[in-house]
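Below: one structure, written as structure tokens.
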Amino acid sequence: MNGAEFFEQDELVSVLTTQPLDRALDYKAPEGGCFRGAFVEVPLGPRKVLGVVWGAGQGNFDRSKIRSVIRVLDVAPMREEMRLFLGRAADYTLTPMPAMLRLATRAPGLGDPPSMRKIYRLGSGTAERMTDARARVLEVLRDYGGLAFTLKELAEMAGVTSSVIKGLVKLGAVREEDSPRDLPFPTLDPDMPGKKLTEDQSAAAEALRQSLRSGQYGTTLLKGVTGSGKTEVYLEAVAEALRLGKQALVLLPEIALTAEFLTRVEARFGARPAEWHSGATMTERRRVWRMVGQGDAQLVVGARSALFLPFRNLGLIIVDEEHDTSYKQEDGVLYNARDMAVLRASICGARVVLASATPSLESWANAEAGKYDRLDLSARFGAAVLPEMKAIDMRAEQLQPGTWISPTLRQAVRARMEAGEQSLLFINRRGYAPVTLCRACGQQIGCDHCDARMVEHRFLKRLMCHQCGETKPMPEACPSCGVEGKLAPVGPGIERLAEEAEATFPEARIAMLSSDLFGSARALKAKIEEIAQGDADLIIGTQLVAKGHNFPKLTLVGVIDADLGLQGSDLRAAERTFQLMRQVAGRAGRAERPGQALLQTFQPEHPVIRAILSGDEEGFWKAEAAERQAAGVPPYGRMAGIILSGPEVGPVFDIGNMLARNDGPLRQIGAQAFGPAPAPIARIRGRHRVRLLVKAPKGAPLQDAIARWIAPLKLKGDIRLAVDIDPQSF
Ligand code: ADP
Ligand code: ZN
């Protein structure tokens, strides 16, 4: 039965908590009993903690010492398929179950009955004696439109004490209410007339609809050039899921993309779906979590962690821009949301659609091997054509030192401006300059805690470490030699490029798009809308602009340094550069006017640059695949990283060496360990990091071997170990 096993009062149950314990604990079922999967509060030492009834108790303790479950929370019990999913995800990523459970319970105040809460929203009265604190509260409430908050949330967001809010309640400027039970989401109507699809689009949509109707697990790679209507097509799959009474989940790689997407959903289905991401308020997250669990949210649009929401009846998962590296969580539980989507769907019999203009080599190979279906949209919608791609050979260009926009690119931008069209200059570097160098001693300014350079951010008037986020003011004197006035920026970042652009095109309206220039998702969204409406002639952007945005007036993309990603020894560098360049170029010419992409490069004959220019994707993939196959790396072999970290580098290496010497369990499965070597980021926040890379044949039981390999380790002091299955770089 589907999680319906019931435990009578005082029967022993095993409860998995979110606490870092190595196993589930036994408790007595509470008064009234409980179902398997029930979310419960249990005593642990002096504390009360959240847990889930995982099964029958083990009973290997003195029964009289076993305590009782305090209470069963008023939320739908965890379903069997979720328990399976968490278990398999834990096995796959070699993550302890409590950490896995924490991912699945990221709804603040999960246990609080919603009807008991007081919430606060904008009132009709005006506040007398307006103070700064009072003004801030009202500003927050106005900013969020009609939304209501709990006292604690509102106080936190406005940076005031709760008494300030209570004061405003007395004046009537803020209204205090009993929170209704969770407000349901408005119903989405799958049968509202949508756009008329082209023949190609219709065929793809029909194929997806059919696969959904089978009610069985399967994955489809939806490959289509940027602007070909992938979104239109997969929205038809969403419509079909809704018709079938199933829930759908759309994962987006970037919160900044959500706003535009929600608008499209609203246009297609007549209402907005549920949203799930870290930027949502706690109230909203709690509501979404509960509604999803009750089956009352038909469609969720969210970040990767939305995969761990308690769907009741999940029929479809879309992973948009499936190649995007931000689907890999690099903190805490190391998982790739694309792969976890496939796992989750295979457990609950859902369909997965992986959409991309530039799929990952993994997904491409899975389609080649027949494990995934593949649908192609090869033409842009309407009059839009793919941009013409050309290299600017930087060896032949005359540039002033300290400038990066070549004369050829400058001319092209001018021509677009004169035609009333937008241009984008793309540079994959945040800040003003990547390096700050002392002209007296030749030293660069580095982060005190990481093995990284400090990057000058003129906009923030500080130096910033892009690894740990630490900032400090720009010093007058060199921290190494003490000489004043000799610190100089080296190389371009987006801010420096913008400075050059301002000097080069003084009459242009220039918009900068970089994640750290915007304090909030709202400010960023406003900027993106401005650009889309045409309120800029020239956009200067980092990676942020490469993702999915739709700027109809944009017809020229200039890539400042197309070679940037090709350096280094990472075997994925070619794939990443190819994807990024094709994505960025795809921003141009999305509407009627044809676009062009110009790539500044010092090595126009490099095979990757040539593949980017020619657009011969299948050819590129085949060549890449052959190389990976020869090297025995993913997707033709398996890899894992073991990352050891600690405050001192010596002991961390010692443990790494010990692991490398005792590699019996690996050799048994034909796997090999390389290293230890400094990890790709060798020091973060004062912790030294050392990595061993494990390479195994495809199909080998890698996780099992690694588990046996590291099991005998006794980590002492502050040394930590993390396993990274399928690392991003190798
Ligand atoms: P992709 O997701 O492949 O980049 P989109 O679905 O965003 O492509 O489509 C690109 C643009 O073309 C969007 O503005 C979209 O609304 C429009 N479009 C695509 N297909 C159609 C269609 N059949 N009818 C009308 N507009 C369409
Ligand atoms: Zn740092």
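Return the residues of segment 299-336 that are within 26 Å of residue 573 (Cα to Cα), of a type in the set (Gly, Ala, Ser) and out of contact with any Ser or Thr (no Cβ under 8 Å at 6 or more places or on another chain); say none if nothing qualifies.
If the condition is that a residue be within 26 Å of residue 573 (Cα to Cα), of a type in the set (Gly, Ala, Ser) and out of contact with any Ser or Thr (no Cβ under 8 Å at 6 or more places or on another chain), then 326, 332 are the ones that fit.
Among the residues of segment 630-639, count how many are out of contact with any helix residue (DSSP H, G or I) (no Cβ under 6 Å at 6 or more places or on another chain), at negative phi and either assigned by the TED database to the domain that holds residue 689 or not in a helix (DSSP H, G or I) (or both).
4
Listed here are the residues, each with its yes/no results for (1) over 33 Å from the mean Cα position of the chain (by Cα); (2) among the aliphatic types (A, V, I, L, M).
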{"residue": "12", "(1), (2)": "yes, yes"}
{"residue": "17", "(1), (2)": "no, no"}
{"residue": "33", "(1), (2)": "yes, no"}
{"residue": "68", "(1), (2)": "yes, no"}
{"residue": "71", "(1), (2)": "yes, no"}
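Mind listing whichever residues of segment 630-670 are touching a Phe, Trp or Tyr at 6+ places or on another chain (Cβ under 9 Å) and without any contact (Cβ under 8 Å) to a residue 60 or more places away in the chain?
630, 659, 660, 662, 663, 664, 665, 666
Residue 630 versus (1) surrounded by fewer than 16 Cβ atoms within 10 Å (Cβ to Cβ); (2) more than 29 Å from residue 323 (Cα to Cα): which is the lone unmet condition?
Only one criterion is unmet by residue 630, namely (2).
Would it be correct to say that residue 603 is within 12 Å of residue 391 (Cα to Cα) and polar (S, T, N, Q)?
Details: within 12 Å of residue 391 (Cα to Cα): yes; polar (S, T, N, Q): yes.
Judged against the criteria, residue 603 is a match.
Scanning segment 1-48 for residues that are loosely packed, with under 14 Cβ neighbours inside 10 Å and modelled with pLDDT under 85, which turns out farthest from residue 98 (Cα to Cα)?
1
Condition first: hydrophobic (A, V, I, L, M, F, W, C) and either surrounded by fewer than 23 Cβ atoms within 10 Å (Cβ to Cβ) or within 18 Å of residue 385 (Cα to Cα) (or both). Can you find one or more residues in segment 587-595 that meet it? Working first, answer last.
We begin by selecting, within segment 587-595, every residue hydrophobic (A, V, I, L, M, F, W, C); these are 588, 591.
Filter again for either surrounded by fewer than 23 Cβ atoms within 10 Å (Cβ to Cβ) or within 18 Å of residue 385 (Cα to Cα) (or both), leaving 588, 591.
Yes, segment 587-595 contains at least one residue that is hydrophobic (A, V, I, L, M, F, W, C) and either surrounded by fewer than 23 Cβ atoms within 10 Å (Cβ to Cβ) or within 18 Å of residue 385 (Cα to Cα) (or both).
Name the one entry in 225, 238 that is within 30 Å of residue 616 (Cβ to Cβ) and among the hydrophobic types (A, V, I, L, M, F, W, C).
225
Inside segment 447-461, can you point out the residues that are of a type outside the set (Asp, Glu), surrounded by fewer than 17 Cβ atoms within 10 Å (Cβ to Cβ) and either farther than 13 Å from residue 489 by Cα or within 8 Å of ligand 2 (Cβ to nearest atom) (or both)?
Taking segment 447-461 and keeping what is of a type outside the set (Asp, Glu), we get 447, 449-450, 452-455, 457-461.
Add one more test, that the residue is surrounded by fewer than 17 Cβ atoms within 10 Å (Cβ to Cβ), and what stays is 449, 458-461.
If the condition is that a residue be of a type outside the set (Asp, Glu), surrounded by fewer than 17 Cβ atoms within 10 Å (Cβ to Cβ) and either farther than 13 Å from residue 489 by Cα or within 8 Å of ligand 2 (Cβ to nearest atom) (or both), then 449, 459, 460, 461 are the ones that fit.
If you take the residues of segment 346-371 that are in a loop (DSSP other than H, G, I, E, B), in contact with a Gly (Cβ under 8 Å, 6 or more places away or on another chain) and on the phi < 0 side of the Ramachandran plot, which of them is nearest to ligand 2 (Cβ to nearest atom)?
First pass over segment 346-371, keeping only residues in a loop (DSSP other than H, G, I, E, B): 349-350, 357-360, 369-371.
From what's left, in contact with a Gly (Cβ under 8 Å, 6 or more places away or on another chain): 349-350, 357.
If we keep only those that are on the phi < 0 side of the Ramachandran plot as well, we get 350, 357.
Values: 350: 41, 357: 34 Å.
Applying the filter and picking the extreme gives 357.
Do you know which residues across segment 265-276 are surrounded by 15 or more Cβ atoms within 10 Å (Cβ to Cβ), within 16 Å of ligand 1 (Cβ to nearest atom) and more than 17 Å from residue 246 (Cα to Cα)?
268
Of all residues in segment 462-475, which are within 14 Å of ligand 2 (Cβ to nearest atom) and of a type in the set (A, V, I, L, M)? Break it down stepwise before answering.
We begin by selecting, within segment 462-475, every residue within 14 Å of ligand 2 (Cβ to nearest atom); these are 462-472.
463, 464, listed by residue number.
Taking residue 608 and the conditions (1) farther than 30 Å from residue 708 by Cα; (2) surrounded by fewer than 19 Cβ atoms within 10 Å (Cβ to Cβ), which numbered condition does it fall short on, given that it satisfies the others?
(2)
Among the candidates 582, 576, 593, 587, which residue alone is within 25 Å of the chain's Cα centre (by Cα) and not in a helix (DSSP H, G or I)?
Values: 582 fails: not in a helix (DSSP H, G or I); 576 fails: not in a helix (DSSP H, G or I); 593 fails: within 25 Å of the chain's Cα centre (by Cα).
Checking each option against the conditions leaves just 587.
I'd like to verify a number: residues in segment 350-362 that are modelled with pLDDT under 95 and either more than 13 Å from ligand 1 (Cβ to nearest atom) or over 21 Å from residue 203 (Cα atoms) (or both), how many?
Count: 3.
State yes or no: is residue 250 touching a Phe, Trp or Tyr at 6+ places or on another chain (Cβ under 8 Å), modelled with pLDDT of 90 or more and of a type in the set (Val, Ile, Thr)? Write out each step before concluding.
Values: touching a Phe, Trp or Tyr at 6+ places or on another chain (Cβ under 8 Å): yes; modelled with pLDDT of 90 or more: yes; of a type in the set (Val, Ile, Thr): yes.
Answer is yes for this residue.
I want to confirm something. Restricting to segment 319-378 and keeping residues that are of a type in the set (Phe, Trp, Tyr) and touching a strand residue (DSSP E or B) at 6+ places or on another chain (Cβ under 6 Å), which single residue is surrounded by the most Cβ atoms within 10 Å (Cβ to Cβ)? I'd like the intermediate steps shown before the answer.
Applying the first criterion (of a type in the set (Phe, Trp, Tyr)) to segment 319-378 yields 327, 335, 364, 372.
Narrowing the set further to residues that are touching a strand residue (DSSP E or B) at 6+ places or on another chain (Cβ under 6 Å) leaves 327, 372.
Values: 327: 24, 372: 22.
Looking at the filtered set, the residue picked out is 327.
Please specify each residue of segment 228-253 satisfying the condition of being closer than 27 Å to residue 543 by Cα, in contact (Cβ under 8 Å) with a residue 60 or more places away in the chain and either hydrophobic (A, V, I, L, M, F, W, C) or more than 14 Å from ligand 1 (Cβ to nearest atom) (or both).
If the condition is that a residue be closer than 27 Å to residue 543 by Cα, in contact (Cβ under 8 Å) with a residue 60 or more places away in the chain and either hydrophobic (A, V, I, L, M, F, W, C) or more than 14 Å from ligand 1 (Cβ to nearest atom) (or both), then 233, 249, 250, 251, 252 are the ones that fit.
Please verify whether residue 195 is farther than 28 Å from residue 579 by Cα, within 16 Å of ligand 1 (Cβ to nearest atom) and not polar (S, T, N, Q), treating the condition exactly as stated.
Answer is yes for this residue.
Does residue 492 satisfy the condition of being in contact (Cβ under 8 Å) with a residue 12 or more places away in the chain and surrounded by fewer than 17 Cβ atoms within 10 Å (Cβ to Cβ)?
Values: in contact (Cβ under 8 Å) with a residue 12 or more places away in the chain: yes; surrounded by fewer than 17 Cβ atoms within 10 Å (Cβ to Cβ): no.
No; evaluated as a whole, the condition is false for this residue.
One line per residue, one yes/no per condition, for (1) on the phi < 0 side of the Ramachandran plot; (2) in the same structural domain as residue 515 (by the TED database):
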| residue | (1), (2) |
| --- | --- |
| 394 | yes, yes |
| 397 | yes, yes |
| 411 | yes, yes |
| 422 | yes, yes |
| 443 | yes, no |
| 452 | yes, no |
| 461 | no, no |
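The values are calculated or read from the model by the stated rules, or taken from the named source; none is laboratory data. Since the model is a prediction, treat every value here as computed from it, not as a measurement. No Cβ is skipped: glycine too gets one built from the backbone with ideal geometry, and neighbour counts run over all protein chains shown.
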